[in-house]
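Some notes on the structure that comes next.
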Amino acid sequence: MAKYLLFGFIFFIAFTCHSQTTDTASNTLPTYRYLLLSKAGTVKRYRIQIGETITYQLKGSKRWQSDLITDIRGTSFFIQHLEIPLARVERVQLQNHTGGRKLAAWTKGLLQGAGGLFVLIGGINFFYYSEDRSDGLQTMGAAAATYALGSGIGRFRKGNYKIGDTWMLKVMEMY
């Protein structure tokens, strides 16, 4: 009886287990590509996908360029059918990729909007009440300070990442 069970088990293994074949994923084209900005030694990673706007600075240039990514292939990305190799990119600037930056953008808009509104209200008070103009001046001064604070917070919206030893920019492909 044990002999028949052993032959049955070997027969089952022989016809149900398939041998390893070649990897079909290596023969197909990737279906999804994106740029990955990652910090070495940490889990900080930011995806830049096709259709997003990228702001970058090329090596040897002081000018920032910003445009829409139309394609990503090999080790480069394309902007308006112009190939930009990743080896030529020195810096990348990201906006609103993290929750803190989104909060900074929202706070900037709120403070600048309130500052602009209260400068208008302070100006109306200054010209309407001719006896006591100090209240209008104080309102305009506080509103100008609020607007300036909003402008200062707006500087935290943009992350400026230097590509090199710490930050890496590479093309990721998913099959």
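Just so you know, all these numbers are worked out from the coordinates, no wet-lab data involved. If you're wondering where the values come from, they're calculated on a predicted model, not measured in any experiment. Counting neighbours? That spans all protein chains shown, and the Cβs are built from the backbone with ideal geometry, glycine included.
Panel values: segment 29-73, Kirkwood radius from alpha carbon pairs, Stokes-Einstein at 20 °C and 1.002 mPa s, translational diffusion coefficient 174 µm²/s.
In what sequence do 162, 3 fall when counting other Cβ within 10 Å, fewest first?
Working: 162 11, 3 7.
Lowest count first: 3, 162.
In terms of Cα atoms, the Rg and Dmax of segment 36-175 work out to 21.7, 75 Å. Taken along its principal axes, the alpha carbon cloud of segment 100-156 reaches lengths of 46, 12, 9 Å, longest axis first.
A protection proxy built from the mean count of other Cβ atoms within 10 Å ranks the segments 37-45, 76-84, most packed first, as 76-84, 37-45. Here's the picture: charge each Lys and Arg Cβ at +1 and each Asp and Glu Cβ at -1 in segment 100-156, and of 107, 121, 140 the one pushed furthest to the positive end of that dipole is 107.
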